[in-house]
Amino acid sequence: MTDTTSLASAPETTIARAVGAQAADARLEPLEIARRDVGPTDIRIDVKFCGICHSDIHFARGEWGDVPYPAVPGHEIAGVVAEVGPEVTRFAPGDRVGVGCMVNSCRECENCRAGEEQYCIPGNTQTYGSVDRDGTITYGGYSDHVVVDQDFVLRIPDGLELAEAAPLLCAGITTYSPLRHWDTGPGKQVAVVGLGGLGHMAVKLAKAMGAQVTVLSQSLRKRDDGLRLGADGYYATSDEATFGELAGRFDLIVNTVSAGIDIGRFLTLVKTGGTLVNVGAPSEPLPVPVFSLLTQRRSFAGSAIGSIQETQEMLDFCAEHHIAADIEVISADQVNEAWERVLRSDVRYRFVIDNSTL
Ligand code: NAP
Ligand code: ZN
Ligand code: ZN
């Protein structure tokens, strides 16, 4: 791509080619960003592929709050190690690696010490839009390289293609973690609301864990895909009869919808003592009718990504079960169009940028 916007580079940095937004209502455009040089425990990764998560859109368009523009999104990063710092012990140039939604955490709080750095109490350092340890703003994987501390780098098993593995770094772990937390396995009834990037991974993972899986989509348009991905049942939420037929059926419902939905109606589908966990992150509140909880001791919960250790476990699980994302690879100049298609729920089931086209 041409027409780059040059940004000031501080000393001891390298310049990365990237695609980003300069304002909430701006189209993504080519630009240049500064990356820190490789420090003692850092790894420089040549980004080969980066998935497009709906969170990239929420973030860059300012739906979740103030954004330090330019915004360079991308937290489903798959690439190859190009350079390692002198104290890096676990990775070497040429290794196939991934980076997900966070690139650091305080490492001292109760949750970090317990290996749950995604719930770091002062807040983890997000892959984009966060203040990094050197005071600079983090930029994501819509760029040709990233520099990340080795503790936040994942190993991509040989059995997984880099392009298909990229979406596992967010969509994969965000669905794997709650499925594991709520003991998904044989004999469990799991429903997935929304068959997009997260939803299609939730179906594959829940099925591989041995559960009975049902998709709850707005229509039956993607039914054949849902069944091919492993779902045992597929229902349209636009059909009134769905809510009668499935009342009280599920041990766990994973809501992946990026917009507000009527949570109360979906709670009626949860079994006594079961849980509806929200991983979808719409900017507006989701009102919960208390009676749909207390009458059957149901829980309404949330879950954010997963820890680094659990992300590695998920990648190894996917390699073992031959699971990866269903993707459509695009070039960097198609990113704006891909975002529009994500917003229209017209994605099967993850767009992945080929970063060699930056
Ligand atoms: P996506 O690919 O756009 O999928 C969302 C799906 O939700 C759509 O495919 C559609 O499925 C359904 N949907 C969309 N708009 C809807 C509406 N108005 N009413 C009902 N259903 C609707 O998005 P994604 O990348 O999977 O991300 C989903 C959400 O999870 C986003 O809010 C994202 O920010 C959030 N997220 C959270 C975490 C976390 O850590 N908790 C991590 C990653 C992403 P159907 O066409 O099948 O109905
Ligand atoms: Zn994401
Ligand atoms: Zn912490």
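The values are calculated or read from the model by the stated rules, or taken from the named source; none is laboratory data. Because the structure is a prediction, the values reported are computed rather than measured. Note that each Cβ is placed from the backbone with ideal geometry, even for glycine, and that neighbours are counted across all protein chains shown. These area figures cover heavy atoms from the full protein model, side chains too; ligands, DNA and RNA do not enter into them. Shrake-Rupley method; radii C 1.70, N 1.55, O 1.52, S 1.80 Å.
Here are some notes:
- Straight-distance crosslink candidates among lysines, where the alpha carbon sits under 25 Å from Lys48 and sequence neighbours closer than 8 are dropped: Lys204
- The range 13-121: C-alpha gyration tensor shape, a/c 1.5 cut-off, then a/b vs b/c: oblate
- With distances taken between every two different alpha-carbon atoms, the range 226-358 has a Kirkwood hydrodynamic radius of 17.6 Å.
- Full-extension gain in nm, Thr136 to Thr242, via 0.36 nm per residue minus C-alpha separation: 33.2 nm
- Once the Cα gyration tensor of the chain is diagonalised, semi-axes √(5λ) in Å: 35, 21, 19
- The C-alpha atoms of the range 144-252 occupy a region whose extents along the principal axes are 51, 29, 21 Å, arranged from largest to smallest.
- Using a probe radius of 1.4 angstrom, the carbon and sulfur fraction of the accessible surface of the chain is 48%.
- Average Cα contact separation per residue, the range 30-87, under 8 Å, 6 or more apart, as relative contact order %: 53
- Ranked order, Asp224, Asp132 - accessible area, probe 1.4 Å, largest first: Asp224, Asp132
- Using a Förster distance of 56 Å, the FRET efficiency for Asp354-Thr295 (Cβ separation, nearest 0.05): 0.65
- Prolate/oblate/rounded label for the range 103-195 (Cα gyration tensor, a/c 1.5): oblate
- Probe 1.4 Å, accessible area per residue of the chain, Å²: 41
- Straight-distance crosslink candidates among aspartates and glutamates, where the alpha carbon sits under 20 Å from Lys188 and sequence neighbours closer than 8 are dropped: Asp232, Glu245, Asp251
- Dividing the mean sequence gap of close Cα pairs (under 8 Å, 6+ apart) by how many residues the chain holds gives a relative contact order of 18 percent.
- When the surface is traced with a 1.4 Å probe over the full set of protein chains, Glu320 keeps roughly 130 Å² accessible.
- Relative contact order of the range 5-122, pairs being alpha-carbon contacts under 8 Å that are 6 or more residues apart, as %: 21
- Here Thr13 and Trp64 are evaluated by their C-beta separation; at R0 = 30 Å the FRET efficiency comes out at 0.65.
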